[in-house]
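Step one of this worksheet: look at the structure below.
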Amino acid sequence: MHSLLNITGLSAGMAVTLLIGIWINDELSFDKYHQNYNSVAQVMQNQTFSGEVGTQPTIPMPLGEELRTTYGREFKKVVMSSGTGKHLLASDNNHFAKSGNYMQAEAPSLFSLKMLGGSSDGLKDLHSILLSHSVATAIFGDKDPINRIVKFDDTASLKVTGVYEDIPVNATLHDLEFIVPWELQGNAVKNNIQNWNNNGWKIYVQMADGVDVNKVSAEIKNSKYDKSDNAEKKFNPVIFLHPMSKWHLYAEFKGGVNVGGRIQYIWLFGIIGLFVLLLACINFMNLATAKSEKRAKEVGIRKAIGSMRNQLIFQFFSESVLMAFMAYVLSFLLVILALPFFNNVAGTNMGLPLGNPLFWIAGLSFTLVAGLIAGSYPAFYLSSFEPVKVLKGTYKAGKLAAIPRKVLVVLQFTVSIAIIISTIVVFRQIQYAKNRPVGYNREGLITVETRTPTIYGQFDAFQHDLIQTGAVSSAAWSTTPLTESWNSVSNFDWEGRDKTGTQNFATVGISKEYGKTIGWQFVDGRDYRSGTGGIDGFCFVLNESAAKMMGFKNPVGQIVHWYGYTFHVIGVVKDMVMNSPFTPVQPTVFFMNPGRLSILDIKMVPGVSVNAALKKIKQVYKQYSPGEPFEYKFVDEEYARKFDVEERVGKLAGFFAALAVFISCLGIFGMASFIAEQRIKEIGVRKVLGASVFNLWKLLSTDFVVLVLISLLVASPLAFYLMHKWLQNYDYRSNISWWIFVVAGAGALLVTILTVSFQALKAATANPVKSLREG
């Protein structure tokens with residue numbers, strides 16, 4: 001039993017550390033697939049809106065040429081990119097929606113894409129396309145794709161001039177499935193090549209050898225400001241470089257300052273992993289120490305028959321190291337079993353790095369050290385006993401001998417309770433944000449991103465046929481999905497506007513059926529009534545935040561000017577959570593858009609089978625757009641994905657909390673067993689004198705309950721400080737209630753009492769005659 005507890009506890013701790021170590025290595029190696037990892041950066045900008053500095057990755061197109069000409073010495077390459085998202089690729093009546101970008105010709109070289117066929121220079125041809133290996137295989141199968149023709153968005157026929165290796169999952173550009181020439185955008189490029197006000201493009205650069213990124217950032221910070229007109233200068237644009245080495249772990253900005261990002265989770269789980277491993281090592285040492293005191297007589301006999309001290313030291317070290325290596329082997333089995341679950345929760349695709357020598361060196365070295373530390377007490381302390389005293393029974397461990405073990409138990413439960421408290425706070429924050437009113441009805445709502453104008457040109461007939469199926473109640477168009485905000489502007493004007501201010505608004509173009517389809521909620525005014533270009537064609541619907549920013553006390557009827565046109569406000573709707581559920585809602589203006597809209601919103605009839613409804617919708621969709629795959633998204637699922645990071649943190653923290661408690665309970669179980677065995681004679685005497693089972697149970701349990709209460713007192717302020725700091729990352733956040741600490745403490749106490757009770761009741765119900773004889 002002693003060996004089983006020892007090996008199981010240590011192997012669980014090692015398994016946790018292995019899993020976290022593999023995950024941290026995967027996170028730290030993000031984007032290192034690219035050979036130019038240390039020299040590539042993205043050009044970004046800070047702008048000031050309504051007194052707040054915001055950071056955005058998109059910039060004006062002419063900045064690319066400005067960087068090439070004015071700052072050419074600082075860069076090896078400057079590459080423009082746009083059009084991130086899915087596009088339609090077709091060949092031989094096979095249609096695929098794949099993610100890709102418009103990029104300039106040097107992009108494959110800048111990102112060091114590994115070409116499997118053709119040439120990366122193919123992008124210099126306006127009518128070319130580069131495909132990833134998986135997309136080329138999906139479209140052409142086993143045939144050679146080079147020089148074959150692909151229809152792009154049903155508008156252009158492009159020749160495959162190159163195939164590159166799929167970019168791995170742990171890279172920012174992992175979903176870059178194809179690249180088409182930058183110039184293929186046509187008028188979008190021609191009309192914006194000198195437009196410093198349209199922030200709709202991305203720029204990537206490769207630094208020249210020996211150039212410092214921070215120094216160049218300081219040099220180019222005013223490159224946009226100096227070229228902008230007075231209207232744009234009001235936003236005080238500041239250009240800077242964000243290195244590829246920071247894209248993944250340092251992606252969050254607040255007030256124009258990089259405040260970190262996923263790096264905080266690296267630290268969080270790294271610390272948790274170390275603590276869980278520490279718990280396992282404490283158990284290992286604690287149980288080894290407790291058990292060793294029972295072996296004093298064995299040491300005395302061995303010494304009496306001639307064993308040397310160094311032989312005893314070697315014996316104890318050998319036993320300890322052997323158990324540590326057995327735990328190491330078992331931890332591998334646990335990791336292999338847990339890895340699929342861990343990958344699912346963490347959203348990764350990791351494996352054991354068995355081919356990495358450092359992995360084996362680190363693991364084996366740690367195992368050896370853990371075994372040596374755990375065996376050090378019995379090796380040096382017990383081997384120093386005088387055999388005469390031990391064999392006569394005059395050896396006593398002393399009152400202070402138990403203090404180190406009690407301190408270790410307190411440390412164990414301090415860590416366990418702190419992790420439990422933290423896990424509860426994380427899940428409470430997630431639930432708090434999930435319960436936030438979203439301002440529309442997500443149930444039965446799907447969105448379809450269309451890539452051809454076929455349906456839009458005959459929408460009334462399309463909507464009629466959808467409703468006739470009995471599976472759809474309404475349908476509408478919009479320029480952005482309900483769960484995202486793609487466009488923002490600051491050129492609205494109205495009476496009473498602060499001319500020195502820099503207010504920024506999200507804009508969403510919609511069709512007249514939009515409000516009915518999504519179920520938005522009016523607080524004032526009315527919805528659109530007529531079609532595009534009719535009575536309501538020049539009218540706005542504002543959300544509450546937009547009405548507040550504009551300073552309207554009575555918004556309905558107010559006049560707003562935009563691009564030289566006059567618009568009337570006809571209604572105000574409740575704020576809709578379209579971006580992060582943890583941040584304030586962005587002021588948003590909804591308008592009737594006469595141009596082509598790309599997002600199709602469809603509301604299914606409640607009570608109709610979802611599968612049956614989707615089949616009917618697909619049939620109608622294919623009638624109107626036969627060349628486009630029917631790819632839909634459930635709005636409620638897309639909204640739920642906004643909690644992915646926090647939920648992963650919560651699940652992983654809960655998993656580690658359970659393991660920490662399990663390891664601590666193994667230690668408590670072993671300690672209770674040792675103490676019950678040590679006090680067996682005392683228990684027998686007390687039973688003979690009339691002590692009840694309850695009194696004996698209380699006698700053996702009280703010490704452990706006191707230790708857990710001390711742990712709770714230590715863990716509570718520590719966990720409060722750490723989680724309070726974590727919650728500051730969210731504008732929309734919950735508080736840390738007192739009951740969280742009560743629940744965590746009560747849970748730890750309950751688990752402790754249940755664990756101790758098994759050994760306590762076993763000792764209390766034992767035959768006292770047998771106990772006195774053995775004691």
Practice task
List the number of the failed condition for F662; all other conditions in (1) over 30 Å from F582 (Cα atoms); (2) open to solvent by less than 40 Å² (accessible area, probe 1.4 Å) hold.
Solution key: (2)
Completion exercise
Checked pairs for the range 698-713, first open to solvent by 60 Å² or more (accessible area, probe 1.4 Å), second assigned to a helix (DSSP H, G or I), C-beta under 7 Å and 6 or more apart or across chains, list as I710/V410
Completion exercise
Among helices (runs of 4 or more DSSP H) completely within the range 226-330, the ones holding 2 or more residues that are under 25 Å from G650 (Cα atoms) are 263-293
Practice task
Kindly check whether there is at least one residue in the range 11-27 that is open to solvent by 20 Å² or more (accessible area, probe 1.4 Å) and out of contact with any Phe, Trp or Tyr (no Cβ under 9 Å at 6 or more places or on another chain).
Solution key: yes
Handout entry: Positions within the range 118-155 being of a type in the set (G, A, S) and open to solvent by less than 20 Å² (accessible area, probe 1.4 Å), in sequence order
Key = G122, S128, S132, A136
Handout entry: Selection status of A613, of a type outside the set (D, E, K, R), over 23 Å from G470 (Cα atoms), at pLDDT 90 or above and under 37 Å from the mean Cα position of the chain (by Cα)
Key = no
Handout entry: Test set (1) within 21 Å of E449 (Cβ to Cβ); (2) within 35 Å of the chain's Cα centre (by Cα); (3) part of a strand (DSSP E or B); (4) among the hydrophobic types (A, V, I, L, M, F, W, C) - A138 fails condition number
Key = (3)
Problem - Cβ pairs under 9 Å, 6+ apart, first in the range 82-98 and more than 19 Å from P626 (Cβ to Cβ), second among the basic types (K, R) and part of a strand (DSSP E or B) - result: S82/K202; T84/K202
Completion exercise
Exactly one of A231, A280 is over 24 Å from the mean Cα position of the chain (by Cα) and under 30 Å from E646 (Cβ atoms), and that one is A280
Handout entry: Which numbered condition S771 fails, given (1) part of a loop (DSSP other than H, G, I, E, B); (2) modelled with pLDDT under 75; (3) polar (S, T, N, Q)
Key = (1)
Handout entry: Residues (open to solvent by less than 40 Å² (accessible area, probe 1.4 Å) and of a type outside the set (F, W, Y)) located in the range 319-330
Key = S320, V321, M323, A324, A327
Problem - Index of the failed condition, I417 passing every other in (1) at pLDDT 80 or above; (2) hydrophobic (A, V, I, L, M, F, W, C); (3) open to solvent by 20 Å² or more (accessible area, probe 1.4 Å); (4) more than 24 Å from L18 (Cβ to Cβ) - result: (3)
Practice task
Kindly indicate the residue of the range 677-704 that is aliphatic (A, V, I, L, M) and under 24 Å from H2 (Cβ atoms) and also modelled with the highest pLDDT among those meeting that condition.
Solution key: L699
Exercise for the section: Filter the range 722-751 down to residues that are within 19 Å of V410 (Cβ to Cβ) and either among the aromatic types (F, W, Y) or without any contact (Cβ under 8 Å) to a residue 24 or more places away in the chain (or both), then give me how many there are. Expected result: 3
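A quick yes/no check of all residues on (1) among the polar types (S, T, N, Q); (2) surrounded by 15 or more Cβ atoms within 10 Å (Cβ to Cβ); (3) under 28 Å from E27 (Cα atoms):
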| site | (1), (2), (3) |
| --- | --- |
| T161 | yes, yes, no |
| N170 | yes, yes, yes |
| W182 | no, yes, no |
| G186 | no, no, no |
| N192 | yes, yes, no |
| I203 | no, yes, yes |
Fill in the blank from the handout: In the range 714-741, anything over 30 Å from E252 (Cα atoms) and open to solvent by 80 Å² or more (accessible area, probe 1.4 Å) is listed as W738, W739
Practice task
Mind listing whichever residues of the range 599-641 are of a type outside the set (A, V, I, L, M, F, W, C), open to solvent by less than 30 Å² (accessible area, probe 1.4 Å) and not in a helix (DSSP H, G or I)?
Solution key: D601, K603, S625, G627, E628, P629
Problem - Per-region count, the range 261-276, residues within 16 Å of F342 (Cβ to Cβ) and open to solvent by 10 Å² or more (accessible area, probe 1.4 Å) - result: 5
Exercise for the section: Report whether or not N214 is over 30 Å from the mean Cα position of the chain (by Cα) and open to solvent by 10 Å² or more (accessible area, probe 1.4 Å). Expected result: no
Exercise for the section: State the number of residues belonging to the range 638-656 that are closer than 24 Å to D601 by Cα and of a type outside the set (G, A, S). Expected result: 6
Problem - Candidates L333, L391, L358, L400, filtered to the one that is surrounded by fewer than 13 Cβ atoms within 10 Å (Cβ to Cβ), modelled with pLDDT under 80 and not in a loop (DSSP other than H, G, I, E, B) - result: L400
Exercise for the section: Name every residue in the range 562-586 that is of a type outside the set (S, T, N, Q) and open to solvent by 20 Å² or more (accessible area, probe 1.4 Å), in order of residue number. Expected result: W562, Y563, G564, Y565, H568, K574, D575, P584, V585
Handout entry: Total residues in the range 573-598, condition of a type outside the set (V, I, T) and either farther than 30 Å from W562 by Cα or not in a loop (DSSP other than H, G, I, E, B) (or both)
Key = 4
Practice task
Please determine, by comparing only the residues of the range 642-658 that are over 15 Å from the mean Cα position of the chain (by Cα) and surrounded by 21 or more Cβ atoms within 10 Å (Cβ to Cβ), which one is farthest from K151 (Cα to Cα).
Solution key: A657
Practice task
For the range 428-453, name all the residues that are surrounded by fewer than 17 Cβ atoms within 10 Å (Cβ to Cβ) and under 16 Å from I617 (Cα atoms).
Solution key: E449
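The values are calculated or read from the model by the stated rules, or taken from the named source; none is laboratory data. These numbers come from a predicted model, not from an experiment. Please note: Cβ atoms are built from the backbone with ideal geometry, for glycine as well, and neighbour counts cover all protein chains shown. The protein model used for the area step is the full one, side chains on, heavy atoms only, and it has no ligands, DNA or RNA in it. Shrake-Rupley method; radii C 1.70, N 1.55, O 1.52, S 1.80 Å.
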